[in-house]
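To start, the structure itself, in structure tokens.
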Amino acid sequence: MTDCVLRLRGITKRFGNLLANDSISLDLRHGEVLALLGENGAGKSTLVAILFGHYVADAGTIEAFGKPLPAGEPRAALDAGIGMVHQHSTLADNLSVLDNVMLGIEPLWRPWSRRDAARRRLLGTAQRFGLSVPPDARVGQLSVGERQRVEILKALVGSEDRGAARILILDEPTAVLTPQESEALFQTLGQMVAQGLSIIFISHKLDEVLRVSNRIAVLRAGKLVAQVAAAEVNASQLAQWMVGHDVVLPQRHRAIPCPEPMCVLDDVHTQGSARDRIEGVTLALHGGEICAIAGVSGNGQAALADLLCGTRSVSSGRATLLGRELRADPAALVAQGVARIPEDRQGTGAIGDLPVWENACGERLGRAPFSRKVLGMNWVCRAAAREHAQHLVEQFDVRGAGLDAPARGLSGGNLQKLILARALIAPDAAAPRLIVAHQPSWGLDVGAVAFVQQQLLAARDAGAAVLLISDDLDEVLALGDRIAVLYRGRLTPAQPNGEWTRERLGLAMAGAAQVSATLAA
């Protein structure tokens, strides 16, 4: 591990007054795993975007395998043997594994497709790294773990003119995997490194970082604040470097739930595809309690969250809120005290082109005190809306943009804080009755995770019924008073936290028949 395969020197990038990268210098060695850590907005994404030519640095140079990497040319990174698996899936569900891989390695101008050659490269790479996947299987029918293997193969398989990747960047690769699937991925990474591949591993899960990496680099506020061998540091020190102070995750104490349920689902079904519906779900949610739903994404979580937020209807069964029929009317549910923290903070939780103040009040802009009727028309009371938005920003320490700046300028953590504030603090100071928190801390750094979890526990203690839907087993076990597992649209009975183990949860998330039978009994 002495040969340098990637060298970044003095990388600097500004966006207006924001210094995203401040003279960052890093080396990646042959056959090593370098973990890249940093809180949301620390500059990790900018640095990787510069490496791939999506951004051009204001200063600094990059060398790959001893040769300068041209700035602003994405193909140059691929030609140099650099591949990346992105945080969000880039696969086409309606295409086969082979077709998805070929999309990245065949030139568009070729009049015919060389499928046999591509198949040989795919199978050869899969065998070399132990990434077994059926080439002709439709991606939409694969498990999440199998899809992750396809993503990695797509990054690794070389084309006829550029060869296979020799550097792989993994951005949050275990975010949606079960513990068993994560374990399989770690074994694969070990095989890759043993065969000379160099890996940049980006993750917010500090235990994973310490397990898989040789060295760790930490960014904070655009600066490189630490480089250390993984064997010489612990999770607490890494967290302190990331956020600049000690981080203590909140501790859940015993819940005292209200005896009468606030929301009841009785044999509820919804319409949708096999990966986007619920079937026969029965669940009671009580005030003063967090009910956590574990499961791998794509097993009906979106349908359950949409139903409780009023954006999806019941096709059969019965759903009630405070004893009344639960209607597919989002505005009415907000008025009744239902607060939502959506899974997709960028696409659903906020409108990036609108200013921060409008996003802060968006769910209530049509009602008092943010609107009034004049000559039969609703007019926005900007002063009241801006005052409330400023209150939310100050209460939840939302940083990075003024009230009039577009919300897309906020980092992931700060945008999540804004959405959380909007959900939990109503203009009339009424506490929410039901909180639907779908992946509330996904992709957030350890400091932001602690903040989000503390707010959910505080809302529970104030009497709210909290439905937590999360892929993160650490979060499920830390916050859930009762825990259930959603698999292929069906929900296991919700059982007390103490009756679950990580292994049992992982098996239930994978649909293990024996676990489901035990729970049903």
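Note on region 422-521: Cα-Cα pairs beyond 21 Å make up 40% of the total pair count. In the chain, the DSSP beta bridges split such that about 55 percent are antiparallel, to the nearest 5. Each residue of region 236-245 was assigned a 3J(HN,Hα) from its phi angle through the Karplus expression (A = 6.51, B = -1.76, C = 1.60, θ = phi - 60°), giving 5, 5, 4, 4, 5, 5, 5, 10, x, 7 Hz with x at Gly and Pro. When a 1.4 Å probe is rolled over the protein heavy atoms, the share of accessible surface on the chain that falls to carbon and sulfur comes to 51 percent. Over the residues of the chain, the helix contribution to mean residue ellipticity at 222 nm works out to -9500 deg cm²/dmol, using -39500 (n - 2.57) for each DSSP H run of at least 4. Here's how it looks for A226: its modeled amide H is under 5 Å from those of V218, which are all 5 or more places away or on a different chain. In units of the rule-of-thumb radius 2.2 N^0.38 Å, region 263-401 shows an alpha carbon radius of gyration of 1.22. Take every pair of alpha-carbon atoms less than 8 Å apart whose residues are at least six positions apart; their mean separation over the length of region 361-408 yields a relative contact order of 26 percent. Summing +1 for each Lys or Arg and -1 for each Asp or Glu, what net charge is found among the other residues whose Cβ lies under 12 Å from the Cβ of D428? Residues close to D428 contribute a combined charge of +2. Residues whose amide H comes within less than 5 Å of that of S213, counting only those at least five positions distant or on another chain, are absent (H built at 1.01 Å from N in the peptide plane). Helix 115-129 versus the longest principal axis of the chain: what is the Cα-based angle in degrees, 0 to 90, to the nearest 10? It works out to around 80 degrees.
With Cα atoms as the point set, region 162-272 shows a radius of gyration and Dmax of 20.3, 65 Å.
Charges were assigned to the Cβ only: +1 to each Lys and Arg, -1 to each Asp and Glu. The resulting dipole of region 246-296 about its Cα centre is roughly 160 debye. Solvent-accessible surface of the chain, taken per residue with a 1.4 Å probe and all protein chains present: 44 Å². Relative intensity of the chain on a log10 scale, I(q)/I(0) at q = 0.12 Å⁻¹, equals -1.22, per a Debye sum over C-alpha point scatterers of equal strength in the absence of solvent. Here the Karplus relation 6.51 cos²θ - 1.76 cosθ + 1.60, evaluated at θ = phi - 60°, turns the backbone of region 210-225 into coupling constants of 5, 6, 9, 9, 8, 10, 10, 10, 10, 9, 8, 6, x, 10, 7, 9 Hz, with x for every Gly and Pro.
On the principal axes of its alpha carbon atoms, region 230-284 extends 52, 35, 19 Å, with the longest extent given first. The eigenvalues of the Cα gyration tensor, multiplied by 5 and square-rooted, give region 439-487 an equivalent ellipsoid with semi-axes of 16, 16, 8 Å from largest to smallest.
The distance linking region 118-151 with region 231-290 is 32 Å (Cα centroid to Cα centroid, whole angstrom). With the Cα gyration tensor of region 399-446 giving a ≥ b ≥ c as the square roots of its eigenvalues, does the rule (a/c under 1.5 for rounded; else a/b larger than b/c for prolate; else oblate) give rounded, prolate or oblate? Here region 399-446 falls in the oblate category. Which pairs, out of K13/K417; K13/K154; K13/K205; K67/K223; K44/K205, put more than 23 Å between their alpha-carbon atoms? Over 23 Å Cα-Cα: K13/K417; K13/K154; K13/K205; K67/K223.
Restricted to Cα atoms, region 30-148 shows a radius of gyration and a Dmax of 16.9, 46 angstrom.
Rounded to the nearest 10 square angstrom, L392 shows an accessible area of 0 square angstrom against a 1.4 Å probe. As a rough guide to protection, the peptides 484-490, 379-385, 404-410, 290-296 ranked by mean Cβ packing within 10 Å, highest first, stand as 290-296, 484-490, 404-410, 379-385. Each Lys or Arg adds one and each Asp or Glu takes one away; over the other residues whose Cβ falls under 13 Å from the Cβ of H391, this sums to -2. Across region 425-438, computed HN-Hα scalar couplings (Karplus, 6.51 cos²θ - 1.76 cosθ + 1.60, θ = phi - 60°) run 10, 7, x, 8, 6, 6, 6, x, 8, 10, 10, 9, 9, 9 Hz from first to last residue, x flagging Gly and Pro.
The values are calculated or read from the model by the stated rules, or taken from the named source; none is laboratory data. Since the structure is predicted, the reported quantities are computational estimates derived from the model, not experimental observations. Quick reminder, even Gly has a Cβ in these numbers, built from the backbone with ideal geometry, and neighbours come from all protein chains shown. Accessible surface areas use protein heavy atoms only, side chains included; no ligands, DNA or RNA. Shrake-Rupley method; radii C 1.70, N 1.55, O 1.52, S 1.80 Å.
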